[in-house]
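Heads up: the structure comes next, in structure tokens.
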Amino acid sequence: MSILPIYLYGCEVLRKKARRISEVSDKDIQLIQNMFETMRENGVGLAANQVGVLKQILVVDISDRENGENTKPMVVINPEILSEEDEWEMEEGCLSIPGIRELVSRPEKILLKYNDVNMKEHEIEADGLLARVLQHEIDHLNGVMFVDHLSATKRTLLKSKLRKISKGDVEAKYPVKAKE
């Protein structure tokens with residue numbers, strides 16, 4: 001397994017919609033293993049396009065977080081949110097936007113349909129932190145970043161920081177790739 005570079009805010013791949021997949025190849029299995037390795041030290045979720053791959057694959061592991069202790073690591077392929085309930089605000093960050101954390105409002109509960117690595121279909125109800133992380137990563141697969149959920153005023157205030165990040169002017173404990 002290897003740690004993959006995280007694509008930073010401003011990279012084109014982060015704004016593209018990832019493609020659904022119909023089968024999981026050996027190459028995809030290797031990607032998933034590398035995504036877990038890449039995410040483990042620094043985050044709780046990672047979407048494939050954050051490592052430059054436009055496939056609807058994401059990984060989540062909140063098992064070391066408060067209220068996530070009984071949650072197993074997940075591989076989610078071709079996710080689709082079927083329903084949403086309630087709203088709550090929580091501070092979010094992103095491996096692709098190091099050093100910025102902001103309050104984001106999202107549904108507190110979701111009903112999610114997805115495929116596992118064997119392409120078996122599942123439906124789960126998720127709430128709290130798991131629901132938030134899943135929504136954050138699904139947004140990535142659709143070319144949406146958490147800063148897109150902020151007010152225009154807040155985005156304007158972050159503009160210079162985001163510009164620096166897009167140029168690769170960041171401090172991160174993991175390898176990064178800035179726009180070329």
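The values are calculated or read from the model by the stated rules, or taken from the named source; none is laboratory data. None of these values were measured; they are calculated from a predicted model. All Cβ positions, glycine included, derive from the backbone under ideal geometry; neighbour counts span all protein chains shown. When the accessible area is computed, the model is the full protein with side chains, heavy atoms only, and any ligands, DNA or RNA have been set aside. Shrake-Rupley method; radii C 1.70, N 1.55, O 1.52, S 1.80 Å.
Keeping the other protein chains in place, figure out the carbon and sulfur percent of the accessible area of the chain, with a 1.4 Å probe. Before the final figure, lay out each step's value.
Details: 4280 of 9700 Å².
Ligands and nucleic acids excluded, carbon and sulfur give 44 percent.
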Heavy-atom accessible area per residue - the range 34-180, 1.4 Å, Å² = 51 Å²
Label-to-label distance, nm, for residues given as Glu41 and Glu87 (7 Å Cα→Cβ offset) = 3.9 nm
Out of Leu46, Gln56, Pro73, whose Cα points farthest toward the positive end of the dipole of the range 1-77 (charges: +1 Lys, Arg; -1 Asp, Glu; placed on Cβ)?
-> Gln56
What dipole magnitude, in Debye to the nearest 20, does the range 41-177 give about its Cα centre under +1 on Lys/Arg Cβ and -1 on Asp/Glu Cβ?
-> 1000 debye
Which distance in nm do the two modelled labels at His122 and Lys109 give, with both placed 7 Å along the Cα-to-Cβ direction?
-> 2.0 nm
Proximal lysines relative to Lys27, as straight alpha-carbon distance under 27 Å, when same-chain residues fewer than 8 apart are discounted | Lys16, Lys17, Lys55, Lys72, Lys113, Lys120, Lys173, Lys177, Lys179
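Largest first and in whole Å, what are the equivalent-ellipsoid semi-axes of the range 1-138 based on the Cα gyration tensor, each being the root of 5 times an eigenvalue?
21, 19, 15
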Per DSSP, loop trypsin sites (Lys or Arg not before Pro) in the range 1-41 with at most 15 further Cβ within 10 Å = Lys16, Lys17, Arg20
Express in Å², to the nearest 10, the accessible area of Cys94 obtained by rolling a 1.4 Å probe over the protein heavy atoms while all chains stay in place.
-> 20 Å²
Give the relative contact order (percent, whole number) for the range 37-116; include only Cα pairs under 8 Å separated by 6+ residues.
-> 24 percent
Sparse-neighbourhood loop sites, GluC sites (Glu not before Pro) in the range 39-98 - DSSP loop, at most 15 other Cβ within 10 angstrom | Glu41, Glu66, Glu69, Glu87
Gain upon complete extension [Arg15, Arg65; 0.36 nm per residue less C-alpha separation] = 15.1 nm
For Met90, solvent-accessible area (1.4 Å; no DNA, RNA or ligand), Å² = 60 Å²
